[in-house]
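Okay, structure first, notes after.
The values are calculated or read from the model by the stated rules, or taken from the named source; none is laboratory data. Worth saying up front: this structure is predicted, and the values here are computed from it rather than measured. Don't worry about glycine lacking a Cβ; one is built from the backbone with ideal geometry, like all the others, and counts go over all protein chains shown. When the accessible area is computed, the model is the full protein with side chains, heavy atoms only, and any ligands, DNA or RNA have been set aside. Shrake-Rupley method; radii C 1.70, N 1.55, O 1.52, S 1.80 Å.
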Amino acid sequence: MKIIMLGAPGAGKGTHAKHITQKYSIPAISTGDIFRENIKAGTELGKKAKGYMDAGKLVPDELVCDLVVDRINQDDCKNGYILDGFPRTIPQAEALTDALKKQDDAIDFAIEVKVPDDVIIERMSGRRVCKGCGATYHIKNVPPKKEGICDECGGEIILRDDDAPETVKKRLEVYHEQTAPLIEYYDKLGVLKAIDGTQSLEKCAEDIDKILG
Ligand code: AMP
């Protein structure tokens with residue numbers, strides 16, 4: 001099963017991807033996480049990506065497409081995968097479609113997580129992430145047991161650079177301009193499904209399970 005999660009930054013794509021991973025035992029691949037790991041490790045890719053990310057812009061397509069195509073050809077993706085944060089532009093979607101077509105393959109589901117902008121802004125201003133292991137929290141909705149300390153690894157919990165309010169606004173603009181057209185793209189391919197991302201996590205998971213069958 002090959003699945004794409006679509007939706008604005010902060011819509012909950014990563015959280016729902018984790019649910020699918022656990023239930024269907026297929027890996028979730030987050031391009032944002034790959035870039036953050038590369039920045040942390042100080043790689044060339046990380047150095048190239050950081051400026052774009054901190055400004056709330058997209059990393060250029062040529063830095064993303066090959067990386068994802070390589071990743072989905074690895075062994076653990078044999079039974080499928082969930083892409084979280086890719087594709088984000090029409091050229092990226094076309095590159096993915098073409099790469100899969102060469103193997104006589106295609107995406108099975110593109111799941112759009114629908115959340116209005118004002119809810120996204122409220123959510124992201126409270127979002128926090130562990131500097132050590134990347135676990136995510138929300139100061140109101142999912143607080144850590146001890147303020148500022150990660151439940152999982154004891155690391156420091158911080159506001160992601162690109163979750164700063166001005167950057168969030170920029171990321172939403174970029175989403176509407178460059179990523180939202182993918183909804184129509186996958187609708188035309190006949191694989192688009194949508195869930196209401198403002199519901200509880202449990203209800204979202206239930207709706208996803210119904211889609212995936
Ligand atoms: P995310 O964690 O998915 O919100 O991604 C964080 C940031 O990484 C984005 O704002 C972009 O700067 C960059 N990024 C992640 N995935 C992509 C992609 N598919 N194409 C371009 N930039 C990306």
Handout entry: Candidates Lys23, Lys47, Lys40 - the one that is open to solvent by 40 Å² or more (accessible area, probe 1.4 Å), at pLDDT 95 or above and of a type outside the set (Gly, Ala, Ser)
Key = Lys47
Exercise for the section: Could you tell me which of the residues Thr198, Thr179, Thr97, Thr136 is within 13 Å of the ligand (Cβ to nearest atom), surrounded by 14 or more Cβ atoms within 10 Å (Cβ to Cβ) and modelled with pLDDT of 90 or more? Expected result: Thr179
Fill in the blank from the handout: Within the stretch 72-90, the count of residues that are open to solvent by 70 Å² or more (accessible area, probe 1.4 Å) and either among the polar types (S, T, N, Q) or closer than 16 Å to Ala8 by Cβ (or both) comes to 3
Problem - Checklist (1) assigned to a helix (DSSP H, G or I); (2) open to solvent by 30 Å² or more (accessible area, probe 1.4 Å); (3) under 18 Å from Leu6 (Cα atoms) applied to Cys65, failing item - result: (2)
Exercise for the section: Could you grab me the full set of residues in the stretch 1-30 that are in a helix (DSSP H, G or I) and either more than 11 Å from the ligand (Cβ to nearest atom) or touching a helix residue (DSSP H, G or I) at 6+ places or on another chain (Cβ under 6 Å) (or both)? Expected result: Thr15, His16, Lys18, His19, Ile20, Thr21, Gln22, Lys23, Tyr24
Practice task
Quick one: which strands (runs of 3 or more DSSP E) lie wholly within the stretch 94-213 and hold at least 1 residues that are within 26 Å of Asp70 (Cα to Cα)?
Solution key: 109-114, 192-196
Handout entry: Meets criteria (out of contact with any strand residue (DSSP E or B) (no Cβ under 6 Å at 6 or more places or on another chain) and of a type outside the set (A, V, I, L, M, F, W, C)) for Asp108
Key = no
